[in-house]
1. Residues in the range A:471-486 near a label at A:S507, defined as backbone nitrogen under 14 Å from the 7 Å Cα→Cβ point?
2. Taking chain A as the reference, fit the longest principal axis to its C-alpha atoms, fit the long axis of helix A:21-32 to the helix C-alpha atoms, and give the angle between the two in degrees, 0 to 90, nearest 10.
3. Charges only on Cβ, +1 for Lys and Arg, -1 for Asp and Glu: so what's the dipole of the protein assembly as shown about the Cα centre, in debye to the nearest 20?
4. Leaving out ligands and nucleic acids, and using a 1.4 Å probe, what accessible area per residue does the protein assembly as shown come to in Å²?
5. Run the helix sum for chain A: -39,500 (n - 2.57) per DSSP H stretch of 4+ residues, divided by residue count, reported at 222 nm to the nearest 500 deg cm²/dmol.
6. Using alpha carbons only, how many angstrom separate the centre of the range A:49-84 from the centre of the range A:88-165?
7. Between the helical axis of A:205-215 and the dominant principal axis of chain A, each derived from Cα atoms, what acute angle in degrees is found, rounded to the nearest 10?
8. For the range A:184-261, state which GluC sites (Glu not before Pro) are in a DSSP loop and have at most 15 other beta carbons lying within 10 Å of their beta carbon.
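The values are calculated or read from the model by the stated rules, or taken from the named source; none is laboratory data. Just so we're clear, the structure is a prediction, and the values are computed from it rather than from any experiment. Here Cβ is always computed from backbone atoms with ideal geometry, including for glycine, and neighbour counts include all displayed protein chains. Note: accessible area is taken over every heavy atom of the protein model, side chains too, but ligands, DNA and RNA are not part of it. Shrake-Rupley method; radii C 1.70, N 1.55, O 1.52, S 1.80 Å.
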Amino acid sequence: MAESEVNLTKTYDAIVIGSGAAGGMAAHVLTGHGLQVLLLEAGKKLPIEKELRSMEWPYDNPYRGMLPPDQHSLSFNEYTIRNPPYGAGFEKAKQLKSYIGSSDYVKNIVVDERENPFTGTNYAWVRARCLGGKTNIWGRLALRLSDYDFKAKNRDGYGENWPISYSDIAPYYDKVDLYLGITGVKENLPYLPDSIFQRPTKLNCAEVTLKEGLAKMGRVLTQYRAGVTSEGLKHNKYRSRCYGRGACERKGGCDIHAAFDSPTGLIFPAMDTGNLTLRTNAVVREITVDPQTGKASGVHFIDSETMKDYAVHAKVVVLAASTLESARLLLLSKSRLHPNGLANSSGHVGHNFCEHIMGPGVTGRAKNLVGKPPTLDDGRPGGFYLTRFRNLTEKHPKFIRGYGFEGGSGSTMFPRGTDTHGFGAAFKEEVRQNQGAFISMGAFGEVLARYENYVELDPVVKDKWGIPVLRFHYKFGDNEHRMAEDMKETAQEMFEAAGFEIVHVNSRVLTEGWSIHELGTARMGDDAKTSVLNQFQQSHDVKNLFVVDGSAFVNASCQNPTWTIMSLCWRSCDYLADELKKGNL
Amino acid sequence: MSMKDPIDLRQDRREWLKTSAAALGASLLPLPAVSAETPQAESADPATKTETAEAKPAAHFFTPAQQALVEELSETIIPADNHSGGAKAAKVADYIDTVLRESFDDSRKALWREGLRLVDIMSQHYHGKSFVNASPEDRIAVLTVLSNNDHMTDLPEVRFFIELKRLTVQGYYTSKIGIHDELEYEGNRILQDYVGCDDQGPASS
């Protein structure tokens with residue numbers, strides 16, 4: 001793959017802003033259609049294998065794999081008792097990272113909070129500015145949505161339906177499965193459609209016990225559906241199949257790229273077409289508009305290192321900067337013709353912001369596994385997924401929508417259970433004897449999309465590049481808190497039904513943002529008065545502007561969003577290429 | 001002191017702080033707040049330290065005496081047994097020294113200095129010996145007082161104990177001894193297939 005210089009005099013067919021799951025997919029699809037594409041990424045191209053070092057033993061690392069002690073990553077407590085911007089009080093730390101940045105392997109992937117401040121309500125906002133964005137460190141759970149999600153309003157009357165049905169996106173889910181690889185087991189669930197799976201991972205003994213216990217309750221536990229190629233991909237020379245090497249639990253990515261990441265999965269192959277120009281360190285500050293037509297004409301970006309300002313031009317602008325950054329950029333792109341910000345005649349940009357609530361869960365102990373010889377359990381990209389069971393056939397009296405659990409069991413490189421009370425010989429013995437016997441799971445639930453949950457531009461505070469930052473107005477609501485209460489109760493119930501000893505029930509709701517699944521700030525819809533984008537993620541107002549990341553979601557569902565982001569993006573980019581050829585953009 | 005008698009830490013500390021104040025000829029009451037430490041506290045030799053404070057970090061955070069104390073403290077948290085070596089063999093004190101030496105957090109550093117001092121005062125109070133010179137049983141007795149009162153997080157010695165245990169656990173279970181000898185960790189190698197409940201064990205490729 002050869003990199004070419006950005007040509008400032010050329011009008012590209014499309015500029016794609018952002019190189020994560022959505023931007024990578026847009027680059028892949030559009031270059032595949034023969035379009036000349038310029039891909040802009042705000043961060044660096046990191047020597048990613050050197051960052052991730054997936055098989056490095058902790059004792060070969062001076063900080064045992066933890067963040068170097070001259071840096072700091074924010075804790076739950078700090079997110080709770082402090083207010084944004086979070087930089088105050090950490091002036092002496094060399095870098096200040098979000099909670100996910102607490103390992104030596106991801107420290108250069110996530111941003112310094114002080115260079116990228118925001119204001120307003122508390123939010124654990126994880127941002128990765130580097131080629132590939134958050135796909136370098138994502139949790140890999142790759143789930144489909146169904147008409148239980150797309151048409152949720154039909155079921156409970158809340159919110160809006162999506163302008164698409166499952167049948168519209170299903171062929172694109174298939175394409176993503178086949179192009180990127182996914183492991184899992186078919187379950188034939190109407191509310192969680194199957195993918196085209198490669199070789200699945202295996203459940204260990206405590207997980208099998210839980211699965212059997214749940215089956216009696218009519219609930220489903222299945223192998224973690226991971227966006228990981230377990231059999232390899234003949235069409236992609238940049239990725240290896242998964243060799244179950246272990247350490248998948250530690251915070252960091254996959255240095256053989258068995259787990260999907262945007263650079264090796266999408267961007268490098270796109271560069272091989274000869275149609276892609278990549279520009280890193282390009283912090284976009286505005287999408288420019290032709291003052292005659294009102295259409296997008298290109299972007300202004302600042303080089304993150306030299307601070308020099310550039311203008312580049314294209315026939316189409318594809319925004320894929322992540323849900324919140326994309327909303328920010330639309331709001332920043334004010335002009336005479338678009339005084340509210342670009343694509344914002346509805347006033348809905350930044351609103352209907354939603355995500356997943358998490359925190360409640362349970363840890364148990366399978367007593368029959370205590371004292372057994374160590375097993376190999378962490379060579380899997382994930383343990384299990386316990387699928388949604390609320391508000392499918394019956395209506396829950398206290399809340400609408402649903403939640404699922406992610407979990408796992410077994411031995412890990414760093415043992416579970418070291419937070420047990422005490423010290424000394426008994427403590428040491430207990431940690432050893434119990435190391436393979438723990439099982440735990442935590443819930444991810446739908447946060448309702450509400451107009452009142454929104455972001456706007458802060459009138460005063462600016463980032464390191466002088467660009468106005470976001471001000472948050474975002475809180476979990478009553479439906480979420482009632483759901484969280486139920487998560488905690490059902491988690492305990494299910495572990496008891498499986499015969500596990502309950503070690504700890506977690507009722508604590510984590511800070512808003514913790515799931516890293518922010519969605520919905522530029523939602524799709526058929527009505528231009530109440531939505532920002534049409535069903536092809538095309539702006540109602542500006543025909544040659546597409547927003548292809550999570551901001552287009554109409555609701556959050558309770559499934560992890562990455563696979564849906566990429567499938568929707570593929571569908572929209574097929575449409576985009578077609579419309580461009582027809583001269584409609 | 002008998003391990004069976006519950007110690008009232010809040011009550012006792014008035015006594016042991018008074019004793020130590022008298023012994024040191026300085027008043028420690030009211031209790032010194034754990035505050036940002038001065039550069040002088042960084043090194044055994046204050047004069048040298050002050051001159052080089054801005055130039056580069058000290059080679060060690062702990063003084064030799066503190067290093068010996070941390071070695072015994074960490075070994076008391078995770079001792080050697082007939083299964084594997086303990087925190088001392090795993091050089092946990094060296095790891096903790098690295099973390100503190102490079103830490104940006106002055107209040108954390110100050111907590112360690114203060115905690116080490118208070119633990120020694122407690123050992124003197126209960127056993128008439130410094131922690132390092134006390135018997136393993138007496139060392140366990142001192143840490144038991146802190147462990148049994150680990151909810152009293154307003155007390156610096158309790159916060160120190162929690163930090164001591166956390167960093168000892170972190171250092172031990174990421175060491176060669178912790179991973180390979182103690183836990184006999186099976187992973188971090190290339191496999192033919194995933195291992196499940198019905199499989200005998202992993203097959204390496």
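1. Zone members listed by number: A:481-486.
2. That helix lies at roughly 50 degrees to the long axis.
3. Details: 90 positive and 100 negative charges, 264 e Å.
The dipole magnitude comes to about 1260 debye.
4. Values: 29890 Å² over 790 residues.
Roughly 38 Å² per residue, with all protein chains present.
5. Numbers: 12 runs with 125 residues, N = 585.
That calculation yields -6500 deg cm²/dmol at 222 nm.
6. Centre-to-centre distance over Cα atoms comes out at 18 Å.
7. So the helix axis and the longest Cα principal axis differ by about 80 degrees.
8. On the way: sites: A:E187, A:E207, A:E212, A:E231, A:E249; in loops: A:E187, A:E231, A:E249.
Sites meeting the loop and neighbour criteria: A:E187, A:E231.
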